[in-house]
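In what follows, a single structure is set out as structure tokens and then discussed.
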Amino acid sequence: MCTRAVYLGLEDTVITARTLDWFASMDTNLWVYPAGLRRDGNAGPDSFSWTSVYGSVTASVYESATCDGINERGLVANLLYLAESDFGAPRDGDRRKPMSIGAWCQYVLDSFATVADAVAGLRAESFYLPPIMTPDGHPATAHLSVSDPTGDSAIFEYVDGALVIHHDRAHQVMTNSPVFSQQLALNAYWETIGGATMLPGTDRAADRFVRASYYIKKLPLTSDTTKSLAGAFSVIRNASSPMGVSSPGEPNVSATLWRVVADQKNRVYYFESAESPFLIWINLDDIDLSAGQPTRKLTLTAEGTLLDGDDFVSGDVTARLAAAEPFTFLPA
């Protein structure tokens, strides 16, 4: 499930793109959250809780988890499936509090302005993630990537019950299995061959990692917003899986449902459904994200498209946001 790639252009141009791949609809909608929201991790009476410091624009799945988004400081967070995740169990004398994995991405967007801040905050391990199932009956196992407007990146994984953090501007790409350290090793092998000679072409996660790594670094370096966005979209579309693709027993090998491209310099969040011929976007500069403002929502169809009657909607949809109550995170 999913590919993520970060384009590093000129004059602080940073664009993070990702796909959402799954074998069935995830009932995605777009949400706008203000600062100052009181949050509950929905993991029982002693659940981890917090108050949002930053407002954000996000994409939800199952109306119970935030899986992607950008906050008002330009920090982007992406939640991707990882079958090898092992979140561990509570420890003797554990002071950490439980939190639903459905809240993990939102907590980062709510709480941190930079990748360095997120690394320091998550390293403190104030919470743990109890094992839970998705509404369609699969283990809710994932890893998290973050990037900021400076181009910095970090990857967070739970391996053998311990939090592992990979923090480096060079970590521009993430896919799924195997764990990130092994992905880097596989990619290093393909770099010795050279993408101009041969690239792996299947829709498996390791192959998508290699292709996205090669192409995101081949894009022309520019500060032109239109060209930068077009380049990021070209790479993430190349890493997408066509409609109808699936592998029984491997939900991480599935068709792409939608793509997001986040312009972190100009604070615009672009969304593209695989079943719509048009692109929509939300401009954070046109939204008041201060405390006290309402939560807003853009309701999409089951296919992730936006319709006006029988017609597809395209373009800036900021004005179409409607007030809504925040959803409850997937219970743990």
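Below, the figures for the structure above:
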read-out: Wholly enclosed strands (runs of 3 or more DSSP E) of the range 112-231 bearing at least 2 residues under 30 Å from Asp46 (Cα atoms), among the aromatic types (Phe, Trp, Tyr) and at pLDDT 95 or above; value: 153-159
read-out: Test for Arg95: is it open to solvent by 10 Å² or more (accessible area, probe 1.4 Å) and modelled with pLDDT under 95; value: yes
read-out: Residue match in the range 250-270 (condition: in a helix (DSSP H, G or I), of a type in the set (A, V, I, L, M, F, W, C), in contact (Cβ under 8 Å) with a residue 24 or more places away in the chain and over 30 Å from Ser47 (Cα atoms)); value: no
read-out: Qualifying positions in the range 51-82 - out of contact with any His (no Cβ under 9 Å at 6 or more places or on another chain) and part of a loop (DSSP other than H, G, I, E, B); value: Ser52, Val53, Tyr54, Gly55, Tyr62, Glu63, Ser64, Glu72, Arg73, Gly74, Leu75
read-out: Restricting the range 159-207 to residues that are of a type in the set (Asp, Glu) and under 28 Å from Asp117 (Cα atoms), the residue that is farthest from the chain's Cα centre (by Cα); value: Asp160
read-out: Residue in the range 242-264 that is nearest to Arg204 (Cα to Cα), counting only those that are at pLDDT 85 or above and either among the hydrophobic types (A, V, I, L, M, F, W, C) or open to solvent by 10 Å² or more (accessible area, probe 1.4 Å) (or both); value: Ala255
read-out: Complete set of residues in the range 183-199 that are out of contact with any Lys or Arg (no Cβ under 7 Å at 6 or more places or on another chain) and either closer than 25 Å to Tyr81 by Cα or surrounded by 11 or more Cβ atoms within 10 Å (Cβ to Cβ) (or both); value: Gln183, Leu184, Ala185, Leu186, Asn187, Ala188, Tyr189, Trp190, Glu191, Ile193, Gly195
read-out: Positions within the range 28-40 being assigned to a loop (DSSP other than H, G, I, E, B) and either modelled with pLDDT under 95 or more than 22 Å from Thr134 (Cβ to Cβ) (or both), in sequence order; value: Pro34, Ala35, Gly36, Leu37
read-out: The range 162-218: number of residues that are aromatic (Phe, Trp, Tyr) and more than 18 Å from Ser147 (Cα to Cα); value: 4
read-out: Residue selected from the range 265-305 under the condition closer than 15 Å to Gly74 by Cβ and among the charged types (D, E, K, R), by the criterion surrounded by the most Cβ atoms within 10 Å (Cβ to Cβ); value: Arg267
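The values are calculated or read from the model by the stated rules, or taken from the named source; none is laboratory data. Here the structure is a predicted model, which means the values were calculated and not measured. Cβ coordinates were reconstructed from backbone atoms using ideal geometry, including for glycine residues, and neighbour counts include every protein chain displayed. SASA here: full protein model, heavy atoms, side chains in, ligands and nucleic acids out. Shrake-Rupley method; radii C 1.70, N 1.55, O 1.52, S 1.80 Å.
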